[in-house]
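Written out below as structure tokens is the structure these notes cover.
The values are calculated or read from the model by the stated rules, or taken from the named source; none is laboratory data. Model, not experiment: these values are computed from the prediction. Neighbour counts are summed over all protein chains in view; Cβ atoms, including those assigned to glycine, are modelled from backbone coordinates with ideal geometry. Quick note on the areas: whole protein, heavy atoms, side chains included, nothing else; ligands and nucleic acids left out. Shrake-Rupley method; radii C 1.70, N 1.55, O 1.52, S 1.80 Å.
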Amino acid sequence: MKRMAKLFLTATLAAAAWPAAAQGELVLYCSVQEEWCRPMVAAFEKATGIKVLMTRKSSGEFYAQIKAEAANPKGDIWWGGTGDPHLQAAEEGLTDPYVSPRLDELQDWAVRQARAAQFRTVGIYAGALGYSFNTKELASRKLPEPKCWADLAKPIYKDDVQVANPNSSGTSYTMLATLVQLMGEPKAFDFLKAMHKNVNQYTKSGAAPARAAATGESLIGITFQHDAVTQAVSGAPVKIVSPCEGTGYEIGSMSIIKGAKNLANARKWYDWALSPEAQAIAAGVKSFQVPSNKKAPVPEQAPKLSQIKLIDYDFAKYGSSAERTRLLKKWDDEVSKLPK
Amino acid sequence: MTGSTAAALGLHRAGAAPHAALAAACAAALLGLLGGGFVAGTAASAFGPWHYAALLGLTLLFARSVARCGAFVGDVTVSAIVVTIAGLLLLFVFYPVGRSLVAALHDKEGNVALSLAAERLLSSDIWGLGCFGGGTTCGVAINSVVLATIVGLGTTLLGLVLALAAQRGGQRFSALYRLMAVLPIVTPPFVIALALVVLFGRTGVVTTTLNEWFDIPRTRWIYGLTGVTLAQLLTFTPIAFMILSGALAAVSPSLEEAAQTLRASRARVFRTVTWPLLRPALANSFLLAFVESLADFGNPVVLAGNYEVLSTKIFFAVAGAQHEPGRAAALATVLLAFTLLAFWLQQRWLGRASYVTVSGKGDAGVPAPLPTGLRRFCVGFAMAWIVFTLACYAVILVGGFVKDVGRGDMTPVVTHFAEGFGLAWQDGRPTFTGSAWDSFFTTIEVAAIAAPLTAIVGLLSAYVITRQQFVGRRAFEFLTLVAFAIPGTVIGVAYIVAFNVPPLELTGGLAILILCFVFRNMPVGVRAGIAALAQIDKSLDEASSTLRASTWRTLTKVVLPLLKPAIVATLIFSFTHAMTAVSAVIFLATAKYNLATVYIIGRVEAGEYPLAIAYSTVLIVFMLAVLLLVQAATGSVKLGRRSQAELITGH
């Protein structure tokens with residue numbers, strides 16, 4: 001009994017404080033494809049000598065993770081991925097404001113988005129929304145080429161359109177917000193209801209319809225145009241369409257996580273990632289977005305933003321959580337439940 | 001159990017008072033240590049090794065004192081097992097999951113909003129019955145239950161047919177059956193679904209051939225309920241096969257022989273003896289398939305099309321464009337309720353009948369052959385199913401070595417493997433240059449550490465549940481099984497929220513991945529153990545106890561050797577499940593500790609199927625090799641019965 005009581009005392013006393021280890025590197029949350037993340041990390045490590053610990057997940061997954069980790073952040077910088085989750089994080093104060101000295105070098109749309117988010121995020125690339133169709137399928141079925149948004153609601157393309165579910169994919173939410181801004185809300189929902197009859201599947205992932213159009217699983221796939229370009233350069237028989245009415249775009253973004261343990265290094269990455277050299281890496285890994293630095297070379301295959309009728313996308317309004325929740329609920333109630 | 005109740009229990013025993021005091025002191029210290037840590041949160045530093053040692057010491061001391069007070073029939077070993085495992089479960093399952101499920105009660109600003117919670121739980125998105133005639137779609141909960149019921153019944157039936165063919169249908173194709181049983185278990189998520197798309201998609205190999213030869217129009221039937229059902233049948237039938245085949249092997253032939261001696265026909269023996277003895281295994285198999293189908297994420301993500309199910313809906317409520325943890329928590333609560341209901345129904349169906357067939361008495365018989373018609377049907381059907389399964393795997397194998405199997409570009413290349421698993425000779429030694437090596441090695445490390453821990457925790461729990469009588473036994477059983485019912489996404493997010501801050505700051509490390517796997521896969525160990533122990537007569541333990549062996553000695557010398565098949569099955573299951581789990585770990589993987597499935601899901605998201613398939617091929621080959629090694633090391637277990645050959649030669 002005495003022995004046990006002694007053991008008890010020892011065990012209780014042993015529970016002394018344990019010091020936490022300090023770190024001196026950069027933890028990068030990367031939300032573009034692995035192929036692009038890796039050369040970025042290698043180039044940054046070479047340029048600065050800072051050791052980068054990189055994890056790749058989609059922007060939605062990282063948003064959820066950063067929010068869950070907020071009490072004790074584990075990441076330093078979150079680079080890439082569509083702008084909405086970045087704006088959402090900015091709105092909730094999960095990210096830190098930072099005005100980079102390179103802000104003057106950026107395209108107008110990138111600066112506007114940064115201002116809207118009180119400099120808690122910044123644009124690193126842009127990609128216009130559009131769709132692609134499988135030329136082989138189209139020819140074999142002797143169908144006319146679709147050119148506009150309105151074409152996608154025509155009965156001749158019944159069961160031939162694929163698009164992601166806006167509840168799960170930022171790409172598709174961008175389409176929803178684009179159509180609302182382009183046509184006005186009532187007309188946009190009329191169009192979506194008409195197109196619903198032609199949609200063969202609302203996929204989970206935003207880029208999946210580009211792949212479906214490339215393989216012929218679906219005739220038409222609505223995605224960001226650069227996703228379709230990636231399929232085209234690897235040899236798929238697809239043609240990319242910028243809808244004649246005009247279209248919206250995403251701004252791939254970058255944010256410094258609030259409470260970053262390596263804040264100085266995070267800012268170094270931030271400035272470096274906005275440089276023309278860093279942004280030139282994308283084209284080498286088959287990513288054909290338009291870079292945000294005016295001096296960065298625009299890849300030849302990239303959809304030319306100057307030739308696309310772009311709408312004046314209101315990132316502040318449609319990136320806000322209230323408006324998104326309202327539109328998604330409306331889409332759920334009025335479109336997704338309709339019979340085919 | 002708190003110190004005070006322990007004290008109350010122990011009062012009737014002489015000399016129990018100091019033990020009760022010690023128990024109370026231990027409980028208080030444990031609560032103080034953990035509670036103080038959680039209250040301090042980020043203000044204090046994280047627990048170090050000494051803290052954990054202290055926690056363990058205090059827990060064991062508490063268990064000892066409680067036993068000395070008279071709880072657990074005074075058995076210190078049983079008390080230590082129950083108290084330690086229950087403590088771990090409370091800390092690593094109930095605390096994090098409870099914390100995240102409470103989110104269902106909060107609105108976006110974090111205020112408690114009960115009306116919102118009710119609205120979330122009762123919404124027509126979840127419970128709508130529109131598909132039964134309303135012209136709209138059904139709610140996700142209805143969809144999930146329909147799918148899980150079909151898959152549960154289907155896999156059990158298929159598993160039974162395969163098991164009958166393998167165990168009682170002659171020895172001709174035994175290697176094939178074993179391969180069949182093993183293949184889908186070592187298969188990473190997405191792979192079966194991707195193979196089905198390549199075969200039966202609108203531009204799939206089979207679809208195109210049918211279209212060209214017979215003018216059958218191309219359709220999209222594979223996307224939706226049919227496709228997911230098919231994929232899940234392929235994925236989960238082997239589990240049913242393993243369970244039923246094990247149960248068939250354990251059915252005592254002497255019972256069947258007795259029936260035959262009493263002049264029962266083959267059909268009557270099967271119907272009145274074999275079949276009733278299979279009931280626990282059938283129930284287990286249905287339950288596992290039902291629950292696995294509910295929790296499955298990889299197949300619906302690729303194939304469900306517009307057929308929404310709970311698991312994917314939860315994932316996208318967390319990580320999709322909606323960002324609604326409250327909704328995810330409500331959906332997770334529904335999923336949890338279904339799984340618990342399944343467990344409850346299973347308990348009801350099994351009742352309290354005895355299924356003991358392995359006893360201390362000699363049991364030397366030969367299993368009764370099947371009725372001829374049934375045997376032919378089983379073998380024929382089993383062959384067809386095996387051919388179908390193998391076709392799916394052929395697609396995967398080929399897919400890794402050609403340019404793009406999805407687009408029909410069959411130019412042979414090795415670039416997919418070179419990119420992921422490249423090796424180079426640098427500075428006079430081989431260097432792993434492929435981008436997949438890091439995640440590959442981490443995955444193996446995590447799985448190899450988690451598997452034995454899972455087996456130990458699971459089987460010890462099964463032993464005390466089936467063999468010991470103590471207050472709160474049913475509650476303990478419930479505790480051990482409930483982790484299986486929790487959707488992976490919920491576990492993943494719950495673990496980050498709970499273990500990202502001191503005192504238990506575990507995120508970003510190896511430990512959190514291992515803990516996640518151990519407590520997620522442990523219910524399988526418990527079930528395997530319970531099923532195995534239910535067939536082993538308790539008189540064997542009692543004989544050991546009568547001969548004055550301690551509980552520990554009985555456990556290691558009598559029970560463990562008889563449990564070898566269950567141990568091997570649990571080890572294999574937890575190892576392969578740790579290597580192939582996806583939705584739970586997607587939030588836990590980090591740069592230092594990345595996992596294979598997280599790498600693969602990135603590829604699938606990017607539409608890069610070839611590299612995903614190539615990586616999957618490597619994982620399959622590796623896990624197969626491990627399985628063969630395990631089988632070679634453990635050998636197959638013989639239950640002291642004469643073999644066919646011995647019978648013929650008259651031994």
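Below, the figures for the structure above:
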read-out	value
Close pairs from the range B:250-263: first farther than 12 Å from B:L278 by Cβ and open to solvent by less than 50 Å² (accessible area, probe 1.4 Å), partner among the hydroxyl-bearing types (S, T, Y) and not in a helix (DSSP H, G or I), Cβ under 7 Å, at least 6 apart	B:S252/B:T357
Residue pairs meeting the criteria (Cβ under 6 Å; at least 6 apart or on separate chains; first not assigned by TED's automatic domain parsing to the domain that holds B:L294, in the range B:580-604; second small (G, A, S) and open to solvent by 10 Å² or more (accessible area, probe 1.4 Å))	B:T590/B:G508
Count of residues meeting criterion [within 14 Å of another protein chain (Cβ to nearest Cβ), charged (D, E, K, R) and in a helix (DSSP H, G or I)] in the range A:307-340	8
Restricting the range A:20-68 to residues that are in a loop (DSSP other than H, G, I, E, B), facing chain B (nearest Cβ under 8 Å) and open to solvent by 10 Å² or more (accessible area, probe 1.4 Å), the residue that is farthest from B:F315 (Cα to Cα)	A:A20
Selection count, the range A:231-259, where residues are within 14 Å of chain B (Cβ to nearest Cβ) and among the hydrophobic types (A, V, I, L, M, F, W, C)	5
Whichever residue in the range B:373-391 is free of Cβ contacts under 8 Å to residues at least 24 places away in the same chain and either under 30 Å from B:S252 (Cα atoms) or not in a helix (DSSP H, G or I) (or both) and, among such residues, is least open to solvent (accessible area, probe 1.4 Å)	B:G380
Some residue of the range B:392-406 being of a type in the set (K, R) and open to solvent by less than 60 Å² (accessible area, probe 1.4 Å)	no
Counted residues, the range B:309-341 - those being open to solvent by 30 Å² or more (accessible area, probe 1.4 Å), within 15 Å of A:N167 (Cβ to Cβ) and more than 12 Å from chain A (Cβ to nearest Cβ)	0
Filtered residue count, the range B:189-204, keeping only those that are surrounded by fewer than 24 Cβ atoms within 10 Å (Cβ to Cβ) and within 23 Å of the chain's Cα centre (by Cα)	1
Single condition A:L87 does not satisfy, out of (1) surrounded by fewer than 17 Cβ atoms within 10 Å (Cβ to Cβ); (2) touching a residue at least 24 places away in the same chain (Cβ under 8 Å)	(1)
Those residues of the range B:478-495 which are open to solvent by less than 20 Å² (accessible area, probe 1.4 Å) and either in contact with a Phe, Trp or Tyr (Cβ under 7 Å, 6 or more places away or on another chain) or at pLDDT below 80 (or both), in sequence order	B:L481, B:V482, B:A483, B:A485, B:I486, B:P487, B:G488, B:T489, B:V490, B:G492
Answer residue from the range A:136-158, given it is under 27 Å from the mean Cα position of the chain (by Cα) and not hydrophobic (A, V, I, L, M, F, W, C) and is surrounded by the fewest Cβ atoms within 10 Å (Cβ to Cβ) among those	A:K147
Set B:F62, B:F47, B:F92: member being buried (at least 20 other Cβ atoms within 10 Å of the Cβ) and part of a loop (DSSP other than H, G, I, E, B)	B:F47
Near pairs, Cβ below 9 angstrom, 6+ apart or cross-chain, from the range B:506-525 (at positive phi) to any residue that is open to solvent by 20 Å² or more (accessible area, probe 1.4 Å) and in a loop (DSSP other than H, G, I, E, B)	B:G508/A:K74; B:G508/B:T590; B:G508/B:A591; B:G508/B:K592; B:G508/B:Y593
The range A:172-184 - residue that is open to solvent by 20 Å² or more (accessible area, probe 1.4 Å) and outside any loop (DSSP other than H, G, I, E, B) and, of those, nearest to the other protein chains (Cβ to nearest Cβ)	A:Q181
Condition met for B:I536 (open to solvent by 10 Å² or more (accessible area, probe 1.4 Å) and not small (G, A, S))	yes
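So that you can scan it fast, the table gives a plain yes or no per residue for (1) away from chain A (no Cβ under 14 Å); (2) open to solvent by 10 Å² or more (accessible area, probe 1.4 Å); (3) assigned to a helix (DSSP H, G or I):
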position: B:V497; (1), (2), (3): no, yes, yes
position: B:P503; (1), (2), (3): no, no, no
position: B:M522; (1), (2), (3): yes, no, yes
position: B:G525; (1), (2), (3): yes, no, yes
position: B:A531; (1), (2), (3): yes, yes, yes
position: B:E542; (1), (2), (3): yes, yes, yes
